[in-house]
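See structure below.
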Amino acid sequence: MRLLLVEDDTRLAEKFSRFLMSEGFAVDVVPDGEDALHLGLTQDYAAAVLDLGLPSLGGMAILEAWRQSRRDLPVLILTARTTWLDKIAGFKAGADDYLVKPFHPEEAVLRLRALIRRAGPNAGARVVCGNLVYDSTIGSVTLGGQELKLTAFELRLLTALITRKGIAVSRDHLIGSVYGYAEDAEPGSLEVIMSRLRRKISPHVIEPIRGYGYRLVGCAS
């Protein structure tokens, strides 16, 4: 499942996004309100985690704009604002749930999974690219109906690509998706994992983009 995490606290965003990835989510982290508004309107997410205090455009304004544009993705507000009036304002703006900082990441994940389940049967859970199918509910990948045996790193890498199928994904983003932090990656390790993954799927399905990253192709139904 692909999540949008809107949080301008860099340390919190890195720590929480790393935990979310360990739970099988693909995560786009955005620190700026204007960028968050655009992504929420144009990209397909299973859910969004939205901070209220953001630079350039506040979280409440973003949420109201999404709802006015009939974007019905589940939204979990994450904020330091603790008063009941703040919570009422958030729910009136269209929030689906509300979590106050500091929080336990395990609780946030449970709340997100519940929101996604309520959004509809298998909402955001199954992504198809040609004869390649990723099911995040059980963390499995099948190719032509046969389950692929992938390592944890290979699965994280494929998740980052298939949830953005047809879109060029930068090398830095892929490293973050696999390791959480770029400094955790050994030089050349991404290419080693990518090479194994391409052999298991097909070299032609994952297209290298010179000087940038990779893209998953051949996803037309």
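The values are calculated or read from the model by the stated rules, or taken from the named source; none is laboratory data. Bear in mind the structure is a predicted one, so any value in this text is a computation, not a measurement. Note: ideal-geometry Cβ built from the backbone for every residue, glycine included; neighbour counts use all protein chains shown.
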Suppose we filter region 91-131 for residues that are over 26 Å from ARG67 (Cβ atoms), modelled with pLDDT of 90 or more and in contact with a Lys or Arg (Cβ under 9 Å, 6 or more places away or on another chain); how many remain? 1
Are any of the residues in region 168-175 outside the structural domain of ASP72 (by TED's automatic domain parsing), modelled with pLDDT of 85 or more and in a strand (DSSP E or B)? yes
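Pick from region 132-149 the residues that are assigned to a loop (DSSP other than H, G, I, E, B) and closer than 16 Å to GLU23 by Cα: which of them is modelled with the lowest pLDDT?
THR137
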Going by the conditions given, is VAL6 buried (at least 22 other Cβ atoms within 10 Å of the Cβ) and modelled with pLDDT of 90 or more? yes
Can GLY90 be described as outside the structural domain of TYR45 (by TED's automatic domain parsing), over 19 Å from the mean Cα position of the chain (by Cα) and surrounded by 12 or more Cβ atoms within 10 Å (Cβ to Cβ)? no
List the residue pairs whose Cβ atoms are under 9 Å apart, where the first residue sits in region 148-160 and is more than 16 Å from PHE25 (Cβ to Cβ) and in the same structural domain as TYR179 (by TED's automatic domain parsing), the second is assigned to a helix (DSSP H, G or I) and of a type in the set (Asp, Glu), and the two are 6 or more positions apart or on different chains. LEU148/GLU154
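Could you please let me know if VAL75 is among the β-branched types (Val, Ile, Thr), within 22 Å of VAL178 (Cβ to Cβ) and crowded, with 21+ Cβ neighbours inside 10 Å?
So VAL75 does not fit the description; no.
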Limited to region 57-87, what total is found for residues that are under 17 Å from PRO31 (Cα atoms) and acidic (Asp, Glu)? 0
Every residue in region 168-177 that is under 14 Å from the mean Cα position of the chain (by Cα) and among the hydrophobic types (A, V, I, L, M, F, W, C), please. VAL169, LEU174
Per the list (1) touching a Gly at 6+ places or on another chain (Cβ under 6 Å); (2) of a type in the set (S, T, N, Q); (3) within 25 Å of ALA160 (Cβ to Cβ), residue check on THR42 breaks on (1)
Counting just the residues of region 10-42 that are surrounded by 15 or more Cβ atoms within 10 Å (Cβ to Cβ), in contact with a strand residue (DSSP E or B) (Cβ under 9 Å, 6 or more places away or on another chain) and in a loop (DSSP other than H, G, I, E, B), which one comes out modelled with the highest pLDDT? PRO31
In region 193-221, residues that are farther than 18 Å from SER177 by Cβ, basic (Lys, Arg) and either part of a helix (DSSP H, G or I) or within 22 Å of the chain's Cα centre (by Cα) (or both) total 1
Restricting to region 44-79, what's the tally of residues that are free of Cβ contacts under 8 Å to residues at least 40 places away in the same chain, touching a helix residue (DSSP H, G or I) at 6+ places or on another chain (Cβ under 7 Å) and assigned to a loop (DSSP other than H, G, I, E, B)? 6
